[in-house]
C-alpha cells in the first residue's frame, strides 16, 4: 500500500500527541499542526490524502477551514474528519461538509477504521 | 238667641246655654286635645280642656285647669320648641310645633301642637287656643327611619371604606409586582398600566392610559405576534399562558417578553376587559444562555484532556507486554471504564443544565427501532463482562426521534440494571408493539427499589437513602431519561420490588 499523507490539526498538544502515536502505527505520513491559521498554506503545499480537524480552535475554527476547503477547486475533494468534544459538533461538522464526525473522547479503533476507510 | 258671632254660627239650641253645651260636646267629640288658656291672667293658665286632652295626657280635668301648658314638659325643659312657643305667646302669633311632652305616668309622647291667639276688638290677645295631637307613633316611625338611615349611611360608609381599602390593597399589589400589567378594554385601549410596565418600557402613564395598545409609543407596540395573541388566540383560548414574543423597540432595544393574557368572562362592569401581564425575560434568557455557554465550554474543556487519557489508555491496552500479568491488563481495563464513566457524568451534567433551561435540542428523524435497540444492547454487552443481556421480541417499527437520545436512555437503563444487580447475571430486554406505541422493558434481578422511592427516582438529584451508600451516583441519569422520553411524547415508568429487581419500561409513539 502506498504511503498516504495525513494532516492533523488540533490546538491541544495532548490530542496532537495522541493522534500521532495512534496514526504512526498505520504507516502513513503524519503532518501535525497546532495552529489552524497555517492550515490553508500547508494543505496547498502538501495536498494531503486526508485531513483531521478539531472544531473549536482559536482564530480559525475547524468548520471555517472546512468550508474554505470545500469551496477550493483543487482541494474540495479531500476527505475531512472532524473530531470534537462539542455537543453540537456533529451538526456543525455536517453542515460544513465533513466526511465524518467523531466525538471526543473517541475510540482509537474506530478512529483507525475511519481513517483507513477514507484513505481507500 | 240663635245667632252667634254675627250669624256665622247658627245652632239649633234655644238658648246660648244650649248652644254652648252643643259646642262643648262637639269639642269633646274631637280626637285632638283642645285647650284654652287665658292670656290676660298671670302665667297664661289653662282655663279649658276637652276630653281628648285628658285622654292624651293621662291627667284629669281638675289636675289640668289653672296650670300653664309647660307642666306637660316635666323636666324636659331645654327643647327649642319651648322658645318658639314663648315667642309666639309674647308676640301674639300662631304657631305649630312638635314638642316632647310627658303623660301623667311619665311616658313620653310627641305632641303636635297648633297654637293660635284669640284677639279682642282692640287686637289684644285675650286667649290662646291649643290643639294637640299625639304623634308619638309617627315620631317614632320618623325616628326609626332616621336611625335606619344613619345606620345605612354608616354601613355604606364602612363598605365604601372597605372597598377603598381593598382597592388600594389590590393596586398596591399590582404596583409591587415585578411584572408589567396592563388592563385593556375590549377594543384594546389601555385602561390602566402599572408602575413596572411604565418603568420597563420607559413610558409615562399619560402616554399610555387611554391609548390603543398598538399605538403606544408611536406604534412601536404594533407587534404582529401581539395582535395574533389578542385577536386570534385569546378569544378561543382564555387564558393564554407564557406566550413568548420577541420585539425590537426603537428606544429600549430588543426585548424578549413572556405574555400572559386573561379575558374577564364574569358578567358585570369588567366583562371582556383583558388583563395582560408582560414579563421581560430578556435578561433572564441572557443569563440562561451564558450559563449554558459556560457549561458547554466547561464540558468541552474537560473532555479534551479526557480524550487524551482515554486514547493513551487504549494505546496501553493494545501494547501490554507479553510478560505482564493479568493484573496489569485488568487495572488498565478498570481505568478505561472509569474514564468512560467520567465522560458520561460530564455529558449528563450538560444535559441537565440544558433540560432545565429548555434548551435540549432534538434532531428528530425516522429510524429503525429494532436495529437501534439491538446495536445499543450489543454495545453495552461488549463492556459488561459479568452480565448477560438477553434481548427478546421485535417490533419492525419505525420511530421518529433523536436516535442519540434514545440510545442514551437505553444505555442508562442498561447501565443501571448492571449497576444495581451486581450479584445476578441475567438482564432481560423486551421490545414489543403495543397499540400505536413501541415498548421497551429492561428487567434486572437486582436490589430493587422501595415502593416510596419508585415515584421519586425520576426526580432530579434524587437518591434513595439506602442506595447511596452502596451505589454512589448523582441522581441525574433517570431524570434525563424521563425528560428525553417525555420530549418524544412517550412515558417512562418503573415497577419494582425490594430485593426482587426492577423493570424499567418506556413507550414511544410509532411513525
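Residues of A:14-21, mean number of Cβ from any other protein chain within 10 Å of their own Cβ, rounded to a whole number? Please report the intermediate quantities before stating the final value.
Details: counts 8, 5, 1, 3, 8, 3, 0, 4.
Across A:14-21, the average partner-chain Cβ count within 10 Å equals 4.
Note: relative contact order over the stretch A:51-120, using C-alpha pairs below 8 Å and six or more positions apart, is 29 percent.
Cβ crowding within 10 Å, taken as a proxy for footprinting-reagent exposure, orders B:78, A:61 from fewest neighbours to most as B:78, A:61.
For the pair residue A:64 and residue B:340, a Förster radius of 25 Å applied to the C-beta separation gives a FRET efficiency near 0.20, rounded to the nearest 0.05. In terms of surrounding Cβ atoms within a 10 Å radius of their Cβ, B:443, B:327, A:104, B:271 rank from fewest to most as B:327, B:271, B:443, A:104.
log10 I(q)/I(0), Debye, Cα-only chain A, no solvent, q = 0.10 Å⁻¹? Values, matching the q order: -0.25.
For the stretch B:177-280, a Kirkwood hydrodynamic radius built from all Cα pairs, placed in the Stokes-Einstein relation at 4 °C and 1.567 mPa s, yields a translational diffusion coefficient of 95 µm²/s. Rounded to the nearest 0.05, what FRET efficiency is calculated for residue B:254 and residue B:362 with R0 set to 22 Å and r the Cβ-Cβ distance? After rounding to 0.05, the efficiency reads 0.25.
The C-alpha atoms of the stretch B:60-126 occupy a region whose extents along the principal axes are 42, 29, 16 Å, arranged from largest to smallest. Volume per residue for chain B equals 353 cubic angstrom (convex hull of Cα atoms).
Quick one: what do you get for the stretch B:282-361 if you divide its Cα Rg by 2.2 N^0.38 Å?
Cα-based Rg divided by the globular estimate yields 1.55.
The order of B:339, B:121, B:315, going from fewest to most other C-beta atoms within 10 Å of their C-beta, is B:121, B:315, B:339. The alpha carbon radius of gyration of the stretch A:29-96, expressed as a multiple of 2.2 N^0.38 Å, is 1.03. Of the peptides B:301-307, B:87-93, A:50-56, the ranking by mean beta-carbon count within 10 Å, highest at the top, reads A:50-56, B:301-307, B:87-93.
Relative to the longest principal axis of the Cα atoms of chain B, helix B:282-318 runs at roughly 20 degrees. Note that the stretch B:362-511, at 10 °C in a medium of 1.306 mPa s, gets a Stokes-Einstein diffusion coefficient of 103 µm²/s from its Kirkwood radius over C-alpha pairs. Against the main long axis of the alpha-carbon atoms of chain B, helix B:16-29 sits at an angle near 10°.
Axis of helix B:136-176 versus longest Cα principal axis of chain B: the two differ by about 20°, to the nearest ten degrees.
Normalising by residue count, the stretch B:127-212 has a Cα convex hull of 195 Å³ per residue. In plain terms, the bigger the Kirkwood radius, the slower the diffusion; for the protein assembly as shown, with that radius from Cα pairs, at 25 °C and 0.890 mPa s, Stokes-Einstein puts D at 69 µm²/s. Calculate the length of the line joining the C-alpha centroid of the stretch B:48-63 to that of the stretch B:436-507, in whole Å. The stretch B:48-63 and the stretch B:436-507 have Cα centres separated by 104 Å.
Cα centroids of the stretch B:129-169 and the stretch B:220-287: 49 Å apart.
Restricting the calculation to Cα atoms, every distinct pair contributes to the Kirkwood radius of the stretch B:229-350, found to be 19.9 Å.
Above 17 Å, the calculated P(r) of the stretch B:435-478 contains 42 percent of its Cα-Cα pairs.
Where a number appears in this text, it was derived from the coordinates with a stated rule and is not lab data. The structure displayed is predicted, hence computed values, not measured ones. Every residue, glycine among them, receives a Cβ derived from its backbone with ideal geometry; neighbour counts consider all protein chains shown.
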